[in-house]
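The values are calculated or read from the model by the stated rules, or taken from the named source; none is laboratory data. Nothing here was measured: the structure is a model prediction, and the numbers come from that model. Quick reminder, even Gly has a Cβ in these numbers, built from the backbone with ideal geometry, and neighbours come from all protein chains shown. Accessible surface areas use protein heavy atoms only, side chains included; no ligands, DNA or RNA. Shrake-Rupley method; radii C 1.70, N 1.55, O 1.52, S 1.80 Å.
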There are 2 protein chains.
Amino acid sequence: MTGKRTREGSGRVKLEAVASAAKVSTATVSRVFNEPDKVSEAIRERVKEAARALNWIPNAAGRALASSRTHIAGAIIPTLDNEIFAHQIGGMQAVFSNAGFTLFLGCSNYDPLEGLRQAEAMLARGVEAIALVGENHPEELFAALKARDIPYVVTYSYSKLSEHPCIGFDNRAAFARITDHLLSLGHRRFAGIFQPVANNDRVAARLAGVREALAVADRQMPDENLLIGPSTLEFGAESFSRLMTREGEARPTAIVCGNDNIALGALMAANALGLKAPTGFSITGFDDLAISSRFTPRLTTMKVDNQAIGTLAASELLAVVAGHKTRPQSKEIVPVLQVRDSSGPLA
Amino acid sequence: MTGKRTREGSGRVKLEAVASAAKVSTATVSRVFNEPDKVSEAIRERVKEAARALNWIPNAAGRALASSRTHIAGAIIPTLDNEIFAHQIGGMQAVFSNAGFTLFLGCSNYDPLEGLRQAEAMLARGVEAIALVGENHPEELFAALKARDIPYVVTYSYSKLSEHPCIGFDNRAAFARITDHLLSLGHRRFAGIFQPVANNDRVAARLAGVREALAVADRQMPDENLLIGPSTLEFGAESFSRLMTREGEARPTAIVCGNDNIALGALMAANALGLKAPTGFSITGFDDLAISSRFTPRLTTMKVDNQAIGTLAASELLAVVAGHKTRPQSKEIVPVLQVRDSSGPLA
DNA sequence: CTGAAAGCGCTTACAG
DNA sequence: CTGAAAGCGCTTACAG
């Protein structure tokens, strides 16, 4: 009879119901929750009471549409299977949640296009800020972020030269450092066991760090001494066996592994072969996993505070969202070398 | 001059711009992307072209408000520090993403109230479905889910008796199973090293499983043989030392650990003390972490496909959201006993 | 400090 | 198959 259209609606309690229950306008209800100082205490209490009584949960879509704010942030990581990213997300999640932000999580599985796809889904849903692991993303993604003026940070890797705000550490410097450690122990024949370099700027930088440190010492790592494969205990183990069963000069004395997982695999193979580092050879890792310091032999590695990377990234992003700064500030986290039993003097 | 109000807006390209560029109504643009079959091909192409040219990304808030659909799902887990939950989330994320859903992640740190808080934030943001680890959540949470008719599943734990749809395994049965294994090996003096039971229905069920199996065999685990503490290698190690330095009858021969991490710690302590399972004692874990089958001695444990729990949970939730069923179907994942070197005949 | 009402960017019932 | 326009549930510029 009336010209009214019929619409489904959500069927939920809405702000309007709270307003009429508290006998105030919808504007006032909104203010009570968003700018409480602008409302007199008596009314404030009345409205809160009504909201509680009706069990009102604000509809974020309405809020987002009216205010162009969503209180959502996003993070894109390669995979949760690696505890370093899991810890990073854990730290991030806590800080965001504490600030009233809910976190979208996307995993690219090391496929930049998949990362792009997921980031776009997040943008469509109005994320106010986004964190990306590494710089290895399609230019398109960074362009979209800039076009919409969405603050972002690149995490895990850090470089002074980067055009992006980054929170992490210098992978190249870290591996130059660990190589120097082995060099200072007298090692001259180096081998490397690394995860794939494709789509992974962090691993590429690590290798560059090793090569750079060796070059300074007038050394180098022959191609046949660099084994690349999956970041698994197995690959570490089989690579170690392949390397150490070589004869004479072909056998390395220092094996730099791309991370602790690979190094632990190598150490297991060594134990199985009855070889005990640091006698005759040294092995190093990277990450300092919980188990690395308790394994026999204890693994020489570098410790990174991944959770701190996550909390710092979230804090910087929130500061920009809140308008405290215009751009997230880059922060360098310095990995700490942990010299333990798996590395020692050449002799 | 005009009575118009000034509003900020998002400043972004909107559907309206696409409509006028393609010389069609906004209704048609919307249909092109949501019900393409209802639009003639010529117009469809024209609109898509215009959208592409303008680089339009739909505003999800507008869409959500008008359609009451957000294409967002949520998951609440205790922590990402434990790889079992990380794997579960990894599986879930992939399935959701594939279906056009973006995933909210919340970590409760084993605090039910924190989990409730984060779940409420997700509800406010319109999640269409939610996955929760375990049943240990405030009744309020389940009530809110039911009131809003949001499909949910409880993951990781499984019980036929549960009033909730659950996808996981029977923790009680699994630990009864592992206890039976030790019993069948001739062990009679049992000890346990477990993580805290508070707010963790899974751990409570595990302990119940051990006790139940022992009771059937007319045995029991004395209070002083049950050590409870953090799920760390350290706690596993120190607990082992404490247990195994006891004299005579007070020293257990079978140690059931709450998970692999604790068991690995115990094994490390054993190695340090020069004790080698399964000579004189047996140790079991739970999870079958990557390292467990390669440690020396290889750990007897139970393997759970956590990723499958995640993918199944997401699939069930999506089926409900899509209207294919009214309620997620419970699914039991059966853990597989992996008998290895850390357990053996008593004598 | 408070309210009436326009507007955020979409979808969809209705009409043709 | 297509369009005009109401409506989704909030926020906020404006007026008082």
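Using the Cβ of A:N109 as centre and a radius below 14 Å, the other residues enclosed give a net charge of -2, where K and R count +1 and D and E count -1. Considering the convex hull of the alpha carbon atoms of region B:200-337, report its projected area averaged over all viewing directions, in nm², one decimal. Taking the Cα atoms of region B:200-337, their convex hull projects to 10.1 nm² on average. A 1.4 Å probe run over region B:15-66, with the rest of the protein chains in place, finds 61 Å² accessible per residue. Buried accessible surface for the A/B pair, both sides summed and rounded to the nearest 100, is 4000 Å² with a 1.4 Å probe. Between B:A272, B:V216, B:T232, the Cα set farthest toward the positive side of the dipole of region B:197-283 (charges on each charged residue's Cβ, about the Cα centre) is that of B:A272. The accessible-area ordering, largest first, of the residues B:V339, B:V197, B:V47 stands as B:V339, B:V197, B:V47, per a 1.4 angstrom probe. Close amide H contacts of A:T300 (hydrogens built in the peptide plane, cut-off under 5 Å, sequence separation of 5 or more or a different chain): A:G285, A:R340, A:D341, A:S342, A:S343. Computed with the Debye formula from one identical point scatterer per Cα of region B:304-347, without solvent, the log10 of I(q)/I(0) at q = 0.23 Å⁻¹ comes to -0.81.
Among B:M244, B:F286, B:G192, whose Cα sits farthest toward the positive end of the charge dipole of region B:171-304 (+1 at Cβ of Lys/Arg, -1 at Cβ of Asp/Glu, about the Cα centre)? With unit charges placed on the Cβ atoms, the residue in question is B:F286. Backbone amide hydrogens, once placed in the peptide plane, bring B:F169 within less than 5 Å of B:Y156, B:S157, B:Y158, B:I333, excluding anything fewer than 5 places away on its chain.
Farthest toward the positive end of the dipole of chain B, out of B:A60, B:M92, B:V39, is the Cα of B:V39, where the dipole comes from beta carbon charges about the Cα centre. In summary, the lysines within cross-link reach of B:K303, defined as a Cα separation below 30 angstrom excluding same-chain residues under 8 places away, comprise A:K303, B:K160, B:K276, B:K331.
With protein chains left intact and a 1.4 Å probe, residues in region A:171-303 average 38 Å² of accessible area per residue. Backbone amide hydrogens, once placed in the peptide plane, bring B:L226 within less than 5 Å of B:G192, excluding anything fewer than 5 places away on its chain.
For chain A, modelled as a GNM with alpha-carbon contacts under 10 angstrom, which of A:A314, A:A270, A:A61 fluctuates the most? Of the options given, A:A61 has the highest mean-square fluctuation. Straight Cα distances below 17 angstrom link B:K14 to the aspartates and glutamates A:E120, A:D149, B:E49, with same-chain residues fewer than 8 positions distant left out. Here region B:254-347 carries DSSP beta bridges of which approximately 40% are antiparallel, counting only pairs with both residues inside.
Label-to-label distances for A:S20 across copies, nearest first, come out at 3.7 nm, using points 7 Å from Cα in the beta-carbon direction. With helices as the sole contributors, chain A gives -13500 deg cm²/dmol at 222 nm; each DSSP H run of n ≥ 4 counts as -39500 (n - 2.57), and the sum is divided by every residue. Counting from the shortest, the label point at A:L346, 7 Å from Cα toward Cβ, is 5.7 nm from the same position in each remaining copy. Charged side chains reduced to their Cβ positions (Lys and Arg at +1, Asp and Glu at -1) give chain B a dipole of some 1260 debye around its Cα centre. A straight line joining the Cα centroids of region B:118-150 and region B:14-65 runs 34 Å.
In nanometers and ordered shortest first, the copy-to-copy spacing of the B:L275 label point, defined 7 Å from Cα toward Cβ, is 3.3. For region B:8-111, the pair-distance distribution built from all alpha carbon pairs, in bins 10 Å wide starting at 0, is 13, 32, 25, 17, 11, 2 percent. Peptide B:115-122 shows a mean partner chain C-beta count of 2 within 10 Å per residue C-beta. In a fully extended conformation the segment linking A:D149 and A:R117 would gain 9.7 nm over its present Cα-Cα distance, using 0.36 nm per residue. Do any residues of region A:211-243 show a loss of at least 40 square angstrom of accessible area between the isolated chain and the full protein assembly, using a 1.4 Å probe, and if so which? When all protein chains are present, A:L233, A:E234 each give up 40 Å² or more of accessible surface. Taking all Cα-Cα distances within region A:15-66, those exceeding 15 Å account for 39%.
I need the shape label for chain B. Rule: rounded when a/c is under 1.5, else prolate if a/b > b/c, else oblate, with a, b, c from the alpha carbon gyration tensor. Prolate shape, in that a/c is at least 1.5 and a/b is the bigger ratio. First check a/c for region B:133-200, with a ≥ b ≥ c the square roots of the eigenvalues of its C-alpha gyration tensor; if it is under 1.5, answer rounded, and if not, answer prolate when a/b is larger than b/c or oblate otherwise. The shape class here is prolate. For the protein assembly as shown, give me the percentage of DSSP beta bridges that are antiparallel, rounded to the nearest 5 percent. Bridges in the protein assembly as shown that DSSP calls antiparallel: roughly 10 percent. Counting only DSSP beta bridges whose two residues both lie in chain A, roughly 10 percent are antiparallel. The C-alpha atoms of the protein assembly as shown occupy a region whose extents along the principal axes are 89, 71, 54 Å, arranged from largest to smallest. Can you list the aspartates and glutamates whose alpha carbon sits under 16 Å from that of B:K48, skipping same-chain ones fewer than 8 residues off? List returned: B:E16, B:E35, B:D37.
Please compute, over every Cα-Cα pair in region A:126-170, the percentage with a separation greater than 14 angstrom. Within region A:126-170, distances greater than 14 Å cover 44 percent of Cα pairs.
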